Amino acid sequence: MKLLFHHKLKQKETNAMHRILFMPLLQIPSGHHHVADCIQEQLKQSADDFLCEKVELLSYRSVSLEKFISFVYLQWIQKFPSIYSKTYKQLAVKKEMHNKHYYLYEALFLKQVQQIIDDAKPDLVICTHALPSYLLNRMKKRNLWSGRIVNIYTDYFINDLWGMDGVDYHFIPCMEVKNKLLGKGVDPTQAIVTGIPIHPVFTKKRDSKEVKAKYNVLISGGNMGTGSIERLIRQLHPSGVVTYDVLCGKNERLFQTIKQMNHPSIKALGYIRTKEEMNHLYNLADAIITKPGGVTITECLWKKIPIFVYDALPGQEEINLNYLKSKGLIHHLDNWDTATDLEFILIEQLKNDSLHFQKSSQAFIDSIENHNIPQLIRNIL
């Protein structure tokens, strides 16, 4: 795998190019990968002098190890969510951000990261997950490498694993996170509020939605939570006033379950292959019911789609949820599983609270200092 990666770089490099290495974690199609892929696409569209590669650390070390860890992670958050939540908060959000050491991670992965850097020889490494950031930061502290690092955060907070002292730039989701970084001594010129990066197609304005007699609502979250999605749909008791489009992703079981319901107001949508197709669905939506994943939430904030959150994965999404609630950016359906008329709650919120949501989402968009990622990267280089 190391030789293949090195060969790809040599084969594609035909002239002087900026070599950008992206480092997410796990093969699960999470926000870490979505953000990395989004920025790669933007860079390729902006100019032809960027050579972008993405290396997932665990697969680089061992494909079987990555598959095992992904399996354990998914089983843990689904079957023992409270234990995962408690463990995550104890390990990731309670320590000091400076002079921290995770010796097990260093023993397992530091040599692999050094090999990746030696093979790729990047001009810039963009970390969309905390573990590669921490390991690269340790390499710089130990004078094993002197390259440039950008942290791009895909949630509305920063856990303690992220590298700090050796990181050159931070692309930050919101002003609250920036203020925390500045309080930890990060140079203000190195901390830029970009929002969580999304594809440019989602930043295009859509027609304003008026209060009306019939609504279209997207439901998202099927890739990781079949059981809760099914329960949510059965709790809706559709009256015909709302049409529900359920984004099933690659979850074939969920897709078939919804089709077998054969309900005229509930439609199962398979895997959406293009950003343009997803943007079209956003443009048609009067609201979305989803989980508080950073990328999906950010896309909907830009599109000014009222957001209803029905559930949160333990750990990161729980913290996202608390932040989004505090800023008035979402409606939390915290009693969806016991509500006798969930659809009525949705409609009343859409009728009475849409203006407040529009103002909150616009204030959030206005707080972004710069979302032109390609230009920022070119300035760094």
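Details
- Accessible heavy-atom area order of ARG142, ARG206, highest first, probe of 1.4 Å: ARG142, ARG206
- Database remark: amide H of TYR215 closer than 5 angstrom to the amide H of VAL242, THR243 (H placed geometrically; neighbours at sequence offset of 5 or more, or on other chains; Pro and chain starts carry no H).
- Cα-centre dipole for segment 267-381 with unit charges at Cβ (Lys and Arg positive, Asp and Glu negative), debye to 20: 480 debye
- Residue order for TYR271, TYR102, TYR310 - accessible surface, 1.4 angstrom probe, largest first: TYR271, TYR102, TYR310
- The Cα center of segment 140-167 and the Cα center of segment 235-265 differ in position by 42 Å.
- Relative to its Kirkwood radius, the Cα radius of gyration of segment 147-276 gives an Rg/Rh of 1.12.
- Gained length - SER146 relative to MET261, 0.36 nm times residue gap less alpha-carbon distance: 35.6 nm
- Dimensionless Rg ratio for segment 275-335, taking C-alpha atoms and the 2.2 N^0.38 Å reference: 1.08
- Too-long pairs where the Cα-Cα distance tops 21 Å, listed order kept, from LYS275/LYS303; LYS205/LYS267; LYS303/LYS327; LYS327/LYS359; LYS205/LYS259; LYS111/LYS140: LYS205/LYS267; LYS205/LYS259
- Phi to ³J(HN,Hα) by Karplus 6.51 cos²θ - 1.76 cosθ + 1.60 over segment 368-381, Hz, x for Gly, Pro: 6, 7, 6, 10, 8, 4, x, 5, 4, 5, 5, 4, 5, 6
The values are calculated or read from the model by the stated rules, or taken from the named source; none is laboratory data. For clarity, every value in this text was computed on a predicted model and none was experimentally measured. For neighbour counting, all protein chains shown are included, and Cβ atoms are generated from backbone atoms with ideal geometry for every residue, glycine included. When the accessible area is computed, the model is the full protein with side chains, heavy atoms only, and any ligands, DNA or RNA have been set aside. Shrake-Rupley method; radii C 1.70, N 1.55, O 1.52, S 1.80 Å.
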